[in-house]
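The values are calculated or read from the model by the stated rules, or taken from the named source; none is laboratory data. Just so it is clear, the structure is predicted and the values come from calculations on it, not from any experiment. With ideal geometry, Cβ positions are generated from the backbone for all residues, glycine too; neighbour counts draw on all protein chains shown.
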């Protein structure tokens, strides 16, 4: 189960592949996940990161298949979150001669999770190196990618970057390397991972990219997912695009409905945006196509909604009224997007109501809180069933929303 994989002679993957996880603190891990840990055997032996606590036994078996646990000298912790450090207490106990190596903030974070009073620590500042013999590890702090104590480790002798949460994805597979798996799928899952976990920290990601740019890198070994060795330039380019908040020519229509009235409105907004996209295509066949998506909030995961919203220039957000408020799924969407702090978008609020309003008005109020720009000063509303006039307004709004998205995309190209 979860056999080790050699990255270089004396450098091995010893992590755990979790095929069954489907919820990762509300992240939809439809393809499972991995918790990547790496063992380095030199004059000194170092384990970089651990795995989630339930899989500590498997980690110990993987490490023990390569080296006597009592001979492990260092347990290097790049990130204190429990998917990385959850098995650290078990490894401290199993490796009695090991010293925990991390930065000062990481030590403090570990102390918040575990009783570390009897642990041996070696604190490294950013830029400090840990000698392992013929090889070494240099730790570089990358605060807020995506916790304050996060760091990466670089092994210059082997040109390996142990990149922590940066450049990762949630994919469970027996394949370890990027040239063994479908590249578009890796990048798709990488984008989803970035949008749902790292997006609020785009500036820090760009700083990280700048910090690693001068390094000679032949392998990027993240804490989750596939290890990069053949498509590193493509991965760095994708991360730069995501972190730079570049718009794609894209419109999302996200809604929840009760008796299909709001759904009818959503479909007309979608149709209006599609119409505008077709006009653009007729006027300039060589231009990129406008991507318009109709997404039912209750039937689409927050994870996918966030991945698609990352680079959308415009969104329509609609809800039926329930108890003078939003449908619960749309309330979740708004709360989730507010936390992810996506780049400014043009936004339209719409929805239906019966005996009393509330849903569409709540979305209109939330638009400035999301740091979006409202397309209209008031939401488009329909009482009970939308009339022909209501649907005409929706279709026109869809065209205007698509125009706004296209203009944002063009402005980014200049």
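Please go through the range 36-50 and give me each residue that is in a loop (DSSP other than H, G, I, E, B) and under 16 Å from residue 6 (Cβ atoms), ordered by number.
First, the residues of the range 36-50 that are in a loop (DSSP other than H, G, I, E, B): 36-37, 42-44, 49-50.
36, 37, 42, listed by residue number.
Here are 143, 89, 54: which of them is modelled with pLDDT under 95, surrounded by fewer than 23 Cβ atoms within 10 Å (Cβ to Cβ) and either touching a helix residue (DSSP H, G or I) at 6+ places or on another chain (Cβ under 8 Å) or farther than 15 Å from residue 162 by Cα (or both)? Steps first, answer last, please.
Working: 89 fails: modelled with pLDDT under 95; 54 fails: modelled with pLDDT under 95.
Result of the check over 143, 89, 54: 143.
Do any residues in the range 223-234 that are assigned by TED's automatic domain parsing to the domain that holds residue 16 and at positive phi have Cβ atoms under 6 Å from those of residues that are crowded, with 18+ Cβ neighbours inside 10 Å and assigned to a loop (DSSP other than H, G, I, E, B), where the two are at least six apart or on different chains, and which pairs are they?
Correct list of pairs: 225/168; 225/169; 225/171.
Can you report the number of residues in the range 218-241 which are crowded, with 20+ Cβ neighbours inside 10 Å and more than 20 Å from residue 15 (Cβ to Cβ)?
1
When you go through 361, 399 one by one, which is the residue that is in the same structural domain as residue 269 (by TED's automatic domain parsing), surrounded by fewer than 23 Cβ atoms within 10 Å (Cβ to Cβ) and closer than 29 Å to residue 246 by Cβ? Working first, answer last.
Values: 361 fails: closer than 29 Å to residue 246 by Cβ.
Just one listed residue meets the conditions, 399.
Looking only at the range 337-346, decide whether some residue is in contact (Cβ under 8 Å) with a residue 60 or more places away in the chain and in a helix (DSSP H, G or I).
Within the range 337-346, one or more residues are in contact (Cβ under 8 Å) with a residue 60 or more places away in the chain and in a helix (DSSP H, G or I).
Restricting attention to the range 318-329, and to residues there that are more than 9 Å from residue 363 (Cα to Cα) and touching a strand residue (DSSP E or B) at 6+ places or on another chain (Cβ under 7 Å), which single residue is surrounded by the fewest Cβ atoms within 10 Å (Cβ to Cβ)?
That would be 329.
Across the range 241-270, what is the total count of residues that are part of a helix (DSSP H, G or I) and in contact with a strand residue (DSSP E or B) (Cβ under 9 Å, 6 or more places away or on another chain)? Working first, answer last.
Just the residues of the range 241-270 that are part of a helix (DSSP H, G or I), to begin with: 241-243, 261-270.
In the following step, the residues that additionally are in contact with a strand residue (DSSP E or B) (Cβ under 9 Å, 6 or more places away or on another chain) were identified as 261-267, 269-270.
Here the count works out to 9.
Hey, can you tell me all the residues within the range 280-293 that are free of Cβ contacts under 8 Å to residues at least 24 places away in the same chain and surrounded by fewer than 13 Cβ atoms within 10 Å (Cβ to Cβ)?
282, 283, 284, 285, 286
If you check residue 103 against the conditions, is it in the same structural domain as residue 214 (by TED's automatic domain parsing), modelled with pLDDT under 95 and either touching a strand residue (DSSP E or B) at 6+ places or on another chain (Cβ under 6 Å) or surrounded by 24 or more Cβ atoms within 10 Å (Cβ to Cβ) (or both)?
no
Can you tell me which residues in the range 71-98 are in a helix (DSSP H, G or I) and more than 18 Å from residue 133 (Cβ to Cβ)?
Of all residues in the range 71-98, those in a helix (DSSP H, G or I) come to 71, 82-85, 88-94.
Those that are in a helix (DSSP H, G or I) and more than 18 Å from residue 133 (Cβ to Cβ): 82, 83, 84, 85, 88, 89, 90, 91, 92, 93, 94.
Mind checking which residues of the range 122-140 are in contact with a helix residue (DSSP H, G or I) (Cβ under 9 Å, 6 or more places away or on another chain) and surrounded by fewer than 16 Cβ atoms within 10 Å (Cβ to Cβ)?
123, 125
Mind counting the residues in the range 361-383 that are part of a loop (DSSP other than H, G, I, E, B) and touching a helix residue (DSSP H, G or I) at 6+ places or on another chain (Cβ under 8 Å)? Show your work before the answer.
If we filter the range 361-383 for residues that are part of a loop (DSSP other than H, G, I, E, B), which is where we start, we get 370-372, 375-379.
Right, trim to touching a helix residue (DSSP H, G or I) at 6+ places or on another chain (Cβ under 8 Å) and you get 370, 375-376, 378-379.
Residues that pass the stated criteria total 5.
Hey, can you tell me all the residues within the range 294-317 that are part of a strand (DSSP E or B) and surrounded by fewer than 16 Cβ atoms within 10 Å (Cβ to Cβ)? Step through it out loud before you land on a result.
Of all residues in the range 294-317, those part of a strand (DSSP E or B) come to 294-296, 314-317.
Within the range 294-317, 296 is the sole residue that qualifies.
On the basis of being over 20 Å from residue 158 (Cβ atoms) and surrounded by fewer than 17 Cβ atoms within 10 Å (Cβ to Cβ), does residue 79 make the cut? Before you say what the answer is, go through the steps one by one.
On the way: over 20 Å from residue 158 (Cβ atoms): yes; surrounded by fewer than 17 Cβ atoms within 10 Å (Cβ to Cβ): no.
For residue 79, the condition - over 20 Å from residue 158 (Cβ atoms) and surrounded by fewer than 17 Cβ atoms within 10 Å (Cβ to Cβ) - is not met.
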